[in-house]
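Just dropping this structure here.
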Amino acid sequence: MKLIDIAHSRAGDKGNILNLSLIPYKEKDYERLCQKVTPKAVKNHLKDIIQGDVIRYELPNVKALNFVCYQSLLGGVTTSLAMDTHGKSLSSALLEMEIDY
């Protein structure tokens, strides 16, 4: 199953750092996301984009995950020649990740 089937995502940037949120549509799916969507899995899924570390923050009070992905935006907004310098489309790319449900 793709993440888009059970969650939504937002993306942001700060320099060359990508920030991805992952929020389940239903709170009951939060624990499954915690189990399946690890930093290693996210880095592997976006291996052609994320060059640095991925750190995951769990937000159990709001049932959400936050991934901070270093060296992911080709230098950042002011230095990158990428089409999507802010990385906004990468939230959609994350939602294409498949997990066992």
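For region 14-60, which residues satisfy the criterion of being part of a helix (DSSP H, G or I) and acidic (D, E)? Lay out the reasoning, then the answer.
Taking region 14-60 first, the residues part of a helix (DSSP H, G or I) are 27-36, 39-45.
Those that are part of a helix (DSSP H, G or I) and acidic (D, E): E27, D29, E31.
Follow-up. Which of (1) in contact (Cβ under 8 Å) with a residue 60 or more places away in the chain; (2) in contact with a Cys (Cβ under 8 Å, 6 or more places away or on another chain) does K43 not meet, given it meets every other one?
The one condition K43 does not meet is (1).
Which pairs do you get when a residue that is in contact (Cβ under 8 Å) with a residue 60 or more places away in the chain and surrounded by 19 or more Cβ atoms within 10 Å (Cβ to Cβ), found in region 1-30, comes within reach of a residue that is in a loop (DSSP other than H, G, I, E, B) and acidic (D, E), reach meaning Cβ atoms under 8 angstrom, with the pair 6+ apart or on two chains?
From region 1-30, the pairs are L3/E96.
Moving on. So, in region 1-34, exactly how many residues are more than 11 Å from the chain's Cα centre (by Cα) and under 19 Å from E96 (Cβ atoms)?
Going through region 1-34, the residues more than 11 Å from the chain's Cα centre (by Cα) turn out to be 1-2, 4-7, 13-17, 24-34.
Among the residues that remain, those that are also under 19 Å from E96 (Cβ atoms) are: 1-2, 4-7, 24-25, 29, 32-33.
Going through region 1-34 one residue at a time, the tally reaches 11.
Please determine, by comparing only the residues of region 27-55 that are out of contact with any strand residue (DSSP E or B) (no Cβ under 9 Å at 6 or more places or on another chain) and among the basic types (K, R), which one is farthest from S72 (Cα to Cα).
Within region 27-55, the match that is farthest from S72 (Cα to Cα) is K28.
In region 70-86, is there at least one residue being at pLDDT 90 or above and of a type outside the set (F, W, Y)?
no
Looking at region 35-48 only, could you name the residues that are buried (at least 18 other Cβ atoms within 10 Å of the Cβ) and either more than 22 Å from Y101 (Cα to Cα) or of a type in the set (A, V, I, L, M) (or both)?
Answer for region 35-48, where residues must be buried (at least 18 other Cβ atoms within 10 Å of the Cβ) and either more than 22 Å from Y101 (Cα to Cα) or of a type in the set (A, V, I, L, M) (or both): V37, V42, L46.
I'd like the full set of residues that are surrounded by 14 or more Cβ atoms within 10 Å (Cβ to Cβ), within 17 Å of A11 (Cβ to Cβ) and modelled with pLDDT of 95 or more, limited to region 49-66.
G52, V54, R56, A64, L65, N66
The values are calculated or read from the model by the stated rules, or taken from the named source; none is laboratory data. Small disclaimer: the values here were computed from a predicted structure and weren't measured. For neighbour counting, all protein chains shown are included, and Cβ atoms are generated from backbone atoms with ideal geometry for every residue, glycine included.
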